[in-house]
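To start, I am sharing the structure in question, which I have written as structure tokens.
What follows is calculated from the coordinates using simple rules that are stated; it is not laboratory data. Just so it is clear, the structure is predicted and the values come from calculations on it, not from any experiment. Counting neighbours? That spans all protein chains shown, and the Cβs are built from the backbone with ideal geometry, glycine included.
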Amino acid sequence: MAESRSRRQQQLIDSIRLSVNALELADSDVLDLKIVDTTLREFSDAFEVFRPYRDQRKLTMFGSARTPPDDPIYAMARELGQRIADEGWMVVTGAGPGIMQAGTEGAGRARAFGVNIVLPHEQGANPVIANDPKLVEMRYFFTRKVALIRESHAYAVLPGGFGTLDEIYELLTLLQTGKANPAPVLLVERAGDDYWQQWEHFLENTAMARGYVSDDDRSLYRVVTGVDEAMDEIRTFYSNYRSIRFFGEVLVIRLNREPTAAQLGSLNERFNDIVVADTIQSCAAREDEISEDDDVSAARISFRYNRVDFGRLRQLINELNAFPD
């Protein structure tokens, strides 16, 4: 195994060892060591579970653990899990009851992951995912959120309480700051409900009105009514866009279709505010991408990105997806 590691992998393993050695030399107390030990074990367990499925797209579903099975929102979450699984995706949930169980039921055990939080006053994982090899048990909420967010290519957030709101704010913060790759974030409610509309009302009339959130950042999410709208948004996002990768200041966007000269001209005119130098242009796969076999066959554009305006970057991706075939 060691012989097959890349230079970068070995550098990071050596860095982890140095960090552990520093803890030892500092004579860290028991609680410090316990936090580090638990964190590393939980990440290691999660990576081991997800690693064989890294090539499959996944939807993470958030929502209240208190939603009963007879609630229409429960039925909606179950349908969304089934519909996305029918298109070859897998579904990731927090493995608990309520919306989490509904999403797992819809996807089916074979296409579901669970990332359960161990709490003293609550039962373990729901019966659909319990004892499945794709279930991870975690003690820390922050390690759990990393696993729920890192592994997925789309996110559906249904109504919920403190935990759900914590998850949506964390997710939007990661997207707003570029700590998570662009992906569809769907705030799902049923017709006649106003849960997310009320949330958005607060966002617009309080947070945005005071300048705490920019108008462009609204592009990072979409409120949708029903499963059909949610599915359409996911399909549209991946209709042309595939993935991104940074090389220093240079951002490479992988696509299904290479833009025409006219389309590149339109992009440069509309998004020159986020281009630091030069222009947005088509490009070939870079040497690192080729050596790592990183989506080499995809079309590509690249530009020097300011790495600040991630709401505008999402708008650029939307523009790429709107170009005709």
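For R144, R7, which order do you get if you count the other beta carbons within 10 Å of each Cβ and list the fewest first?
R7, R144
F202 to E87: FRET efficiency via 1/(1 + (r/R0)^6), r the Cβ-Cβ distance, R0 25 Å, to the nearest 0.05?
0.15
For the chain, how many pairs of lysine residues have a Cα-Cα distance under 22 Å, where the two are 8 or more positions apart or belong to different chains?
6
Ignoring chymotrypsin sites (Phe, Trp or Tyr not before Pro) that are buried or in helix or strand per DSSP, and keeping those with at most 15 other beta carbon atoms within 10 Å, what is the longest stretch of the chain between them?
Value returned for the longest uninterrupted segment is 1-139.
With both partners inside segment 32-150, how many of the DSSP beta bridges are antiparallel, as a percent to the nearest 5?
Roughly 0 percent of the beta bridges in segment 32-150 run antiparallel, per DSSP.
Mind listing the phi-derived Karplus ³J(HN,Hα) values for segment 48-60, rounded to whole Hz, using 6.51, -1.76 and 1.60 with θ = phi - 60°, and x for any glycine or proline?
5, 5, 7, 3, x, 10, 5, 7, 9, 5, 9, 10, 9
Among DSSP beta bridges whose residues both lie in the chain, state the antiparallel percentage, nearest 5.
Counting only bridges with both partners in the chain, antiparallel ones make up about 40 percent.
Further, regarding this structure: Cut-off is 10 Å between beta-carbons; in what order do T164, T67 appear when sorted fewest neighbours first?
The most exposed by this proxy come first: T164, T67.
Scan the chain and hand back the longest stretch that contains none of the GluC sites (Glu not before Pro) lying in DSSP loops with at most 15 other Cβ atoms within 10 Å.
Longest stretch, sites excluded: 123-248.
When the helix-only estimate is applied to the chain (DSSP H runs of n ≥ 4, each -39,500 (n - 2.57), divided by the residue count), what is the mean residue ellipticity at 222 nm, nearest 500 deg cm²/dmol?
-13000 deg cm²/dmol
While we're looking at this one, here's another question. Given +1 on the Cβ of Lys and Arg, -1 on the Cβ of Asp and Glu, and no further charges, what dipole in debye does segment 29-131 carry about its Cα centre, rounded to the nearest 20?
300 debye
Could I ask something else about it? For the residue pair L12 and D194, what label-to-label distance in nm results when each label sits 7 Å from Cα along the Cα-to-beta-carbon direction?
In this crude spin-label approximation the distance works out to 4.7 nm.
Could you check the simple spin-label distance between D70 and T173, using points 7 Å along Cα→Cβ, in nm with one decimal?
According to this spin-label approximation, the distance is 3.9 nm.
Starting from segment 198-246, pick out the trypsin sites (Lys or Arg not before Pro) whose DSSP state is loop and whose Cβ has at most 11 other Cβ atoms within 10 Å.
R210
OK, next. How big is the charge dipole of the chain about its Cα centre, in debye rounded to the nearest 20, if each Lys and Arg gets +1 on its Cβ and each Asp and Glu gets -1 on its Cβ?
In total the dipole reaches around 420 debye.
Between R139 and C283, with labels modelled 7 Å along Cα→Cβ, what's the label distance in nm to one decimal, could you check?
In this crude spin-label approximation the distance works out to 4.4 nm.
Moving to a separate point now. Tell me which of G63, G161, L251 sits at the most positive position along the dipole axis of the chain, charges placed on C-beta atoms (Lys, Arg +1; Asp, Glu -1).
In the chain, that residue is L251.
Another question, if that's okay. In debye, nearest 20, what is the charge dipole magnitude of segment 202-259 about its Cα centre with +1 on Lys and Arg Cβ and -1 on Asp and Glu Cβ, if you could check?
Dipole of segment 202-259, to the nearest 20 debye: 280 debye.
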